[in-house]
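The structure under discussion appears below in the form of structure tokens.
The values are calculated or read from the model by the stated rules, or taken from the named source; none is laboratory data. Note that the structure is a prediction, hence the values are computed from the model and not measured. Heads up, the Cβs are rebuilt from the backbone with ideal geometry, glycines too, and the neighbour counts pull from every protein chain shown.
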Amino acid sequence: METVAYRNTQSPAGEPATEDLTFYITLRRRPGYYILTLTIPAILISFVSVLTFALPTDSNEKLVTSFLSIASIILMLIYIGNELPPSVSQVPLITKFVLFTLALHVLSVFGTTLILHLGTKECEMPEWIREYVLLKLGVRQLKFGLLFANYSSLFVFI
């Protein structure tokens, strides 16, 4: 912090002299506090969020980990809201980053829940879909395969 003060004296003709003091205060922000309390925890929470995508979808641990990550992201947003000064003109970049992480996590939970719901549901295929797939599409595929059977040596499959 640096402070400089100037004494100004003005005396227009025929009037008493007026004095004022002008202070110039230079403040420097130290980013270490914000890096330790906001940036590093946000990056670590995002890293854990990315690791939850690596868990198998059919495990219930993925949902538990995702819900815990969502709770920690929400707590991080509350902390950011209390810690940063309010600004009407723009949203801080760290808040946008954490909100984007929250949105990805919510989508992951919806997708995992849908997969778990559909994967555990035991139902039979309707008869009309079975007939359409096996008879109509199967015959069409069989005709297509017989049509190009003579030219199969032209195609190289890696």
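Below, the figures for the structure above:
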read-out	value
Matching entry among Val109, Val91, Val98 (being part of a loop (DSSP other than H, G, I, E, B), over 30 Å from Asn8 (Cβ atoms) and modelled with pLDDT of 80 or more)	Val91
Test for Arg7: is it within 30 Å of Thr101 (Cβ to Cβ) and of a type in the set (Lys, Arg)	no
Answer residue from segment 23-62, given it is free of Cβ contacts under 8 Å to residues at least 24 places away in the same chain and either of a type in the set (Gly, Ala, Ser) or in contact with a strand residue (DSSP E or B) (Cβ under 9 Å, 6 or more places away or on another chain) (or both) and is farthest from Phe110 (Cα to Cα) among those	Phe23
Given (1) under 16 Å from the mean Cα position of the chain (by Cα); (2) more than 27 Å from Leu77 (Cα to Cα); (3) aliphatic (A, V, I, L, M), index of the condition Leu27 fails	(1)
Residue list for segment 2-17, filter: touching a Leu at 6+ places or on another chain (Cβ under 8 Å) and on the phi > 0 side of the Ramachandran plot	none
Scan of segment 5-28 for residues that are part of a strand (DSSP E or B) and among the charged types (D, E, K, R), ordered by number	Arg7, Glu19, Asp20
Failed item, numbered, when Asn82 is tested on (1) surrounded by 10 or more Cβ atoms within 10 Å (Cβ to Cβ); (2) part of a helix (DSSP H, G or I); (3) of a type outside the set (Lys, Arg); (4) more than 15 Å from the chain's Cα centre (by Cα)	(1)
Residues (assigned to a helix (DSSP H, G or I), exposed (fewer than 14 other Cβ atoms within 10 Å of the Cβ) and either small (Gly, Ala, Ser) or touching a Cys at 6+ places or on another chain (Cβ under 9 Å) (or both)) located in segment 31-67	Gly32
Test result for Ile78, under 19 Å from Leu36 (Cβ atoms) and either touching a helix residue (DSSP H, G or I) at 6+ places or on another chain (Cβ under 9 Å) or in contact (Cβ under 8 Å) with a residue 12 or more places away in the chain (or both)	no
